[in-house]
Amino acid sequence: MAKSTAELKELDLSALVDELRATKQEALNLRFRNATGQLENTAEIKRVRRQIARINTFIREREIAEASKQ
């Protein structure tokens with residue numbers, strides 16, 4: 001995961017969807033690690049949740065751009 005906002009802006013729609021899937025998987029793993037007490041830095045959960053929101057925003061921007069072309 002760990003892509004910057006600039007790197008995310010350059011990705012196409014299918015790559016963004018793949019990145020979203022990977023980021024959601026990372027969020028799931030972090031939640032499990034937190035529940036079992038293995039997660040030391042709980043701020044990682046917040047960082048990943050914001051990354052998911054960021055990716056969803058870029059996906060929606062691409063969808064709106066496609067719809068406006070038609």
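Some points to look at:
- Integer Hz, Karplus 6.51/-1.76/1.60 couplings in order for segment 31-44, x for Gly and Pro: 5, 5, 5, 5, 5, 8, x, 8, 8, 8, 9, 6, 5, 4
- Extended-chain gain in nm, criterion 0.36 nm per residue less alpha-carbon gap, residue 38 and residue 50: 2.2 nm
- If only the Cβ of Lys and Arg carry +1 and only the Cβ of Asp and Glu carry -1, the dipole of the chain around its Cα centre is close to 300 debye.
- Viscosity 0.890 mPa s, temperature 25 °C, Stokes-Einstein D of segment 25-65 from Kirkwood C-alpha radius, µm²/s: 218 µm²/s
- Per residue, segment 12-70 exposes 73 Å² of accessible surface when a 1.4 Å probe is rolled over the protein heavy atoms with every protein chain present.
- Order of exposure, largest accessible area first, which applies to 58, 32 with probe 1.4 Å: 32, 58
- Rounded to the nearest 500, the helix-only mean residue ellipticity at 222 nm of the chain stands at -27000 deg cm²/dmol, with each DSSP H run of n ≥ 4 adding -39,500 (n - 2.57).
- Carbon/sulfur fraction of accessible area - the chain, other protein chains in place, 1.4 Å, %: 49 percent
- The residue list 55, 13, 35 was ranked by how far each Cα lies along the charge dipole of the chain toward its positive end, using unit charges on Cβ atoms, and 35 comes out on top.
- Using all pairs of distinct alpha-carbon atoms, the Kirkwood hydrodynamic radius of segment 1-55 works out to 11.7 angstrom.
The values are calculated or read from the model by the stated rules, or taken from the named source; none is laboratory data. The model shown is predicted, which means the values in this text are computed figures rather than measured ones. Using ideal geometry, Cβ is built from the backbone for each residue, glycine included, and neighbour counts are taken over all protein chains shown. Each accessible area value is taken on the protein alone, full model and side chains, heavy atoms only, with ligands, DNA and RNA left out. Shrake-Rupley method; radii C 1.70, N 1.55, O 1.52, S 1.80 Å.
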